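Asks: Sharing a structure here in structure tokens format.
Nothing in this text is a laboratory measurement; each read-out follows from the coordinates by a stated rule. These numbers were taken from a predicted model, which means no experiment stands behind them. Ideal geometry is used to build each Cβ from the backbone, glycine not excepted, and the neighbour counts take in all protein chains shown.
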Amino acid sequence: MSKACHRASVAATRAGDRAPTRRAGRQRRPSKPLPQPDAPDHLLSYPDASNGLGCPLQIIDFPDAFAIWLRSPMDAADLAHLRSLCGGKPRIENRTSRIDPELIQRLVLRQPSREAIEWLARRNDVHFNYAELARDLIYRSTSERDEAFRFHLAHVLRKDRRGQQMTICFGEDGQSTAYDAKRSAKSRLVAYPCVSKMAKAPALHIEERDQGPQMLKRKGISLRDLLSFDHLRFWNDNLHYYRIADVEGLGRAYFNYLERRKDPTSKSRRKSRIKKITDHISMNIDNRTGHLLIRTLGYFSAEQIKLGKKERKAGLKMEEMLGYEDIYAAISIQNVYDRLNHFIPMDRFMERISVSANSEIIRYMRGGGLEPAAKT
């Protein structure tokens, strides 16, 4: 019997109809090693909407505080009436404004009711220059709330910052507060886990603090508009979450930037840089460098982590604070953006994360009752 009788036909072998009858010979090695993708570190995993902010039971939007200046100071009776219309204790400062000497009394109202805003809006000597718009995401447990805060810390991003950086401040209750800018900034975003004043349940409290008439006008906030303010649209325009979608492209752009520094006439490389390790294993240098950039530039430096005033006076140490290890290990896309965007356009490598999970929006104002809930 000839050897040809023991060989399967080429067409049958390729189609997988039947296996060859004789023992397979030595396999041919591939001419080029197949590129193996790098497995990212567990700290670089990017959650989506289902496990990012989770599924809050309720979302409550409300004006938390605002400040005004008056040209005619209020008497004691009016101030007492105003206190009764606010959930928090107002701050009253009888002094002259540095901007306008005609403004002689400053009032900071906390958790104002609808009646308080209507009463102040009828005056013609009010100068509105500060507002805090808040959002409480209500959760079933503190663990869900803390997970949402970690997601917020890692993925919240604001682009119009002009040299600002994030700051983490530890409080006496062990909970940390995230500020995305300095106190002197015209607009900054604040977030911290707490127990909601409105629902008396575990909540992630997010608020935007805008100061100055120009910034308030830019954001579309006025004293009269607070009565019918569209909180849902405001947060959709000002609260954004992002992830690095093209990690390999980020690493390649970094290498191109280094090459242009050496030779301004060099062309940008578009192909992946593959390093051969063994005959069957190779490494994508661009992808690996992108992950290293996210890991090393996304951390919080020592100057970004601070203690509160009470904790500093008590002599507490930073390392002993509850939650310090979580902040130390956190990787923030805001830090990556702030440290790279001035020489690498980061918008090319990011994508926005949708976090409109199963939740309801409730526009709340103290004294006015709860409006009907509307699905987001």
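Asks: From the phi of every residue in region 293-302, what ³J(HN,Hα) in whole Hz does the Karplus formula 6.51 cos²θ - 1.76 cosθ + 1.60 yield, where θ is phi - 60° and glycine or proline is x?
Replies: Couplings: 5, 5, 5, 7, 8, x, 6, 9, 6, 5 Hz.
Asks: While we're looking at this one, here's another question. Using a Förster radius of 41 Å, what is the FRET efficiency between Asp230 and Ala80 based on their Cβ-Cβ separation? Nearest 0.05, please.
Replies: Details: r = 33 Å, r/R0 = 0.80.
Result of the calculation: an efficiency of 0.80.
Asks: What is the fewest-to-most order of Tyr242, Tyr254 by other Cβ atoms lying within 10 Å of their Cβ?
Replies: Values: Tyr242 21, Tyr254 18.
Lowest to highest Cβ neighbour count: Tyr254, Tyr242.
Asks: For Gly308, list long-range residues whose amide hydrogen, built 1.01 Å from N in the peptide plane, is under 5 Å from its own amide hydrogen.
Replies: The list, which skips near neighbours in sequence, is Phe170.
Asks: Rank these for me by crowding, Asp225, Asp64, Asp75, going from fewest to most other beta carbons within 10 Å.
Replies: Numbers: Asp225 13, Asp64 23, Asp75 8.
By the 10 Å Cβ count, ascending: Asp75, Asp225, Asp64.
Asks: Taking the Cα centre of each part, how many Å lie between region 218-244 and region 49-101?
Replies: 17
Asks: Can you run phi through the Karplus equation (6.51, -1.76, 1.60; θ = phi - 60°) for region 81-93 and list ³J(HN,Hα) in whole Hz, with x for Gly and Pro?
Replies: 5, 5, 4, 5, 9, 10, x, x, 7, x, 9, 10, 10
Asks: In region 190-261, what is the volume of the convex hull around the alpha carbon atoms, normalised per residue and reported in Å³? Kindly include the intermediate steps, with their values, before the conclusion.
Replies: Working: hull volume 13.3 nm³, N = 72.
Per residue, the Cα convex hull of region 190-261 comes to 184 Å³.
Asks: Using a 7 Å offset from the Cα along the Cα-to-Cβ direction at both Lys186 and His240, what is the distance between the two label points in nm, to one decimal?
Replies: Inter-label distance under the simple model: 1.8 nm.
Asks: For labels at Asp125 and Arg95 in the simple 7 Å Cα→Cβ model, what's the distance in nm?
Replies: If labels sit at Asp125 and Arg95, their model points lie 2.0 nm apart.
Asks: Another question about this same structure. Once the convex hull of the alpha carbons of region 51-179 is built, what does its volume come to per residue, in cubic angstrom?
Replies: Numbers: hull volume 21.8 nm³, N = 129.
So the per-residue hull volume is 169 Å³.
Asks: Counting only C-alpha contacts under 8 Å and six or more residues apart, can you give the relative contact order of region 51-153 as a whole percent? Don't jump to the answer; show the numbers that get you there.
Replies: Numbers: 162 pairs, mean separation 47.0, N = 103.
For region 51-153, the relative contact order is 46 percent.
Asks: Another question about this same structure. Using only the alpha carbons, work out the radius of gyration and Dmax of region 116-252 in angstrom.
Replies: Over region 116-252's Cα set, Rg and Dmax evaluate to 17.1, 59 Å.
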